[in-house]
1. Out of residues 5 or more away from Asp136 or on other chains, whose amide H comes under 5 Å of its own, with H placed 1.01 Å from N in the peptide plane?
2. How many percent of all Cα-Cα pairs in segment 1-118 sit more than 18 Å apart?
3. Suppose every K and R has +1 on its Cβ and every D and E has -1 on its Cβ; what is the size of the dipole of segment 60-174 about the Cα centre, in Debye to the nearest 20?
4. For a quick check: with amide H placed at 1.01 Å from N, whose amide H comes under 5 Å from Tyr53's, ignoring anything fewer than 5 positions away on the same chain?
5. Using the Cα centre as the reference, give the magnitude of the dipole from point charges on the C-beta atoms of the chain (Lys, Arg: +1; Asp, Glu: -1; all else neutral), rounded to the nearest 20 debye.
6. What are the ³J(HN,Hα) couplings of segment 168-175, residue after residue, when phi is run through the Karplus curve with 6.51, -1.76, 1.60 and θ = phi - 60°? Round to Hz, x for glycine and proline.
7. Considering the options Ser83, Phe182, Leu17, tell which one lies farthest towards the positive end of the dipole of the chain, charges being +1 on Lys and Arg and -1 on Asp and Glu at the Cβ, about the Cα centre.
8. Rg and Dmax of segment 110-196 over Cα atoms: what are they, in angstrom?
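The values are calculated or read from the model by the stated rules, or taken from the named source; none is laboratory data. All of these numbers come straight from a predicted model, not from anything done at the bench. Counting neighbours? That spans all protein chains shown, and the Cβs are built from the backbone with ideal geometry, glycine included. Heavy atoms of the whole protein, side chains included, go into the accessibility calculation; ligands, DNA and RNA do not. Shrake-Rupley method; radii C 1.70, N 1.55, O 1.52, S 1.80 Å.
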Amino acid sequence: MYRKIIRRSILLIVLLLLINYLFNNSGFYITESKAIRDSYPYKNGDVIYEKEYENKKIIILKTSDVNYVKLIGFKLGMFYHVSNIAELYFMTPLIGKEGDIKRTWSASLNSNELYETMIAVESENPEIKRVIVSNDNIDNVILDDLEEIKENSTVFLELKLEDGFAASYLELYSKDVGGFIFRGVNEKGEIITLGR
């Protein structure tokens, strides 16, 4: 009888160790905090921003040197999976001054043939209240009227900054992904800075 209990206990421990090993090497995690901590960049940090979308969440992780944006999904009804990671970095502006906006975007193809796209921005400039993200063409003419920008774009987002951060998640067709323009806008709707 005791042997039977010992065998079952050993089998259960081996099974739990195997499951733990498989999950740590597959990118699936049992808790959200473990998914954040144990995925790239494998550094400790603080979650300084988060925004939820149905069964996905975008977080911004502040580490000792860089802020990272992570897209976390909830899979199979019980596991967390980090499907996209990007670093926030300074935008070189065509209009405005250097260092007003950090931004990033990243996209990955899903099973519906759409690109899961995350876009995130950071600004320490107190004048910038919103960041407009669009995919209008600025090669010939740089538009400054928001209605005109909206008409000439297939992607147009108004990201309201919360404590200097904002993010968005979209599913886009391949023709709409990329070429994003970032415009920092003040309370009056005037464009302070613009760049890619």
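1. For Asp136, whose amide H was placed from the backbone, the distant partners under 5 Å are Ile181.
2. I get 62 percent for the Cα pairs in segment 1-118 exceeding 18 Å.
3. Charge dipole, segment 60-174, about its Cα centre: 560 debye, nearest 20.
4. Amide H neighbours of Tyr53: Ile58.
5. 1800
6. So the Karplus estimates, Gly and Pro as x, are 8, 10, 9, 10, 10, 6, 4, 5 Hz.
7. Of Ser83, Phe182, Leu17, it is Leu17.
8. That works out to 13.2, 41 Å for Rg and Dmax.
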